[in-house]
Structure formats: C-alpha cells, structure tokens
Amino acid sequence: MVKNDRWIREMASKGTITPFDADQVRKGVISYGVSSYGYDMRIADEFKIFEAKENAVIDPKNFDKTHFVDFKGDICIIPPNSYVLGRSLEYFKIPRDVLVICLGKSTYARRGVIVNVTPLEPEWEGYITVEISNTAPVPVKLYSNEGLAQLIFLGASEICEKSYADKAGKYQAQKGITLPKT
C-alpha cells in the first residue's frame, strides 16, 4: 500500500525525515516537501563531479575515487553526457514496515537529467547518495537546496524478517556522498 501525505507527516514528526517540510514548497524553486503520496527531497550543495580520464574504465569492484572532483556550491554544472554524485539535503530513517522508491522530478527529466537511487530498504537510515546523469549533449544546471526527486513510501502488510539494519548494510547511516563499496 502506498503511504499518503497524512502518514508521511505523522512519520516525519517521529524523525523519519530531517529537516522536514510539511507542505510542498513551490514559489520560485523546484518544488520540494510533502506531496499527495510521497515526499520531494532536495539535493544538498555538495557534489562529486565525474571527470573522464583517457583510457579509464570504471570498475565497481575496484573504484578509483580520483575519477571525481569535489564541488560545493548553489549551482552544479553537469557536463554533457556525464554524471555527478550528490546527496539528499534530508536525513532519512525508514521504518521497518516500509520500502521507499525514488524517482526523478519531471522538471529535470524533461531536460535530459536522470536521477538514480536504489530502493531505501526497511530500517535503512542516512543521507541518500544520488547519481544524477546528464543525457543531453550540452551542460545542465543542478540547483542545490531545491527539489530533485520524489520518494514514494510503500507500506508492507507484514514486517520483514531481516531489515537493512539487521544485515548491518554497508551503506547504513551514511553521512555524506558515499562511493561504491564491495
């Protein structure tokens, strides 16, 4: 069952989303906050911008962090046909009976920007590391502290046997942009 805005406000009052906006903020910004059946998260002002190196191969089992340049600012420029890593402005604590799916906002999608986040499992917590791809042949602006993606909260009919916390997941309680781990 998809959780509605009333449920999201109730869970947020228990520390599920921090900081939390109870209404959808729209005036002069890319919207964020509570929506009918989800929460539009914001992107923080810190990024890791991918920098292609000649003859480089990205290996998820042996990741070279020198492929990224750190950047902090109000506007991040995503190079053409490239990507950046960012993190949510909000810190999330997912309840044991909930799974969260993240989808990019149409404001960016219609400009060739794809937002990729794996599902937030029951009892996962932390800042969400987000991969943001620019599929356009020209640079794209990304606005810090504004909406980036919508989270859809799915309630379970039963509590899971083993949560992300029970498994001591490798991305539990991440505080910043977290690179791949094996």
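The values are calculated or read from the model by the stated rules, or taken from the named source; none is laboratory data. Small disclaimer: the values here were computed from a predicted structure and weren't measured. In this analysis, Cβ positions are derived from the backbone assuming ideal geometry, glycine residues included, and neighbour counts consider all displayed protein chains.
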> When the range 21-52 is examined, which residues are found to be buried (at least 17 other Cβ atoms within 10 Å of the Cβ), touching a helix residue (DSSP H, G or I) at 6+ places or on another chain (Cβ under 7 Å) and either of a type in the set (A, V, I, L, M) or assigned to a loop (DSSP other than H, G, I, E, B) (or both)?
Replying inline: ILE30, VAL34
> Which residue pairs have Cβ atoms closer than 7 Å, lie 6 or more positions apart in sequence or on different chains, and pair a first residue in the range 156-182 that is on the phi > 0 side of the Ramachandran plot with a second residue that is hydroxyl-bearing (Ser, Thr, Tyr) and surrounded by 12 or more Cβ atoms within 10 Å (Cβ to Cβ)?
Replying inline: none
> Of all residues in the range 1-20, how many are among the β-branched types (Val, Ile, Thr) and either surrounded by fewer than 18 Cβ atoms within 10 Å (Cβ to Cβ) or without any contact (Cβ under 8 Å) to a residue 60 or more places away in the chain (or both)?
Replying inline: 2
> Counting just the residues of the range 65-95 that are surrounded by 15 or more Cβ atoms within 10 Å (Cβ to Cβ) and among the basic types (Lys, Arg), which one comes out farthest from SER31 (Cα to Cα)?
Replying inline: LYS93
> Identify, please: which residue in the range 67-120 is under 13 Å from the mean Cα position of the chain (by Cα) and not in a strand (DSSP E or B) and is, among those, farthest from LEU154 (Cα to Cα)?
Replying inline: LYS105
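Being over 16 Å from ARG42 (Cα atoms) and either loosely packed, with under 14 Cβ neighbours inside 10 Å or out of contact with any strand residue (DSSP E or B) (no Cβ under 8 Å at 6 or more places or on another chain) (or both): is that true of VAL98 here?
So VAL98 does not fit the description; no.
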> Hey, among the residues in the range 116-160 that are of a type in the set (Asp, Glu) and modelled with pLDDT of 95 or more, which one's farthest from THR18 (Cα to Cα)?
Replying inline: GLU131
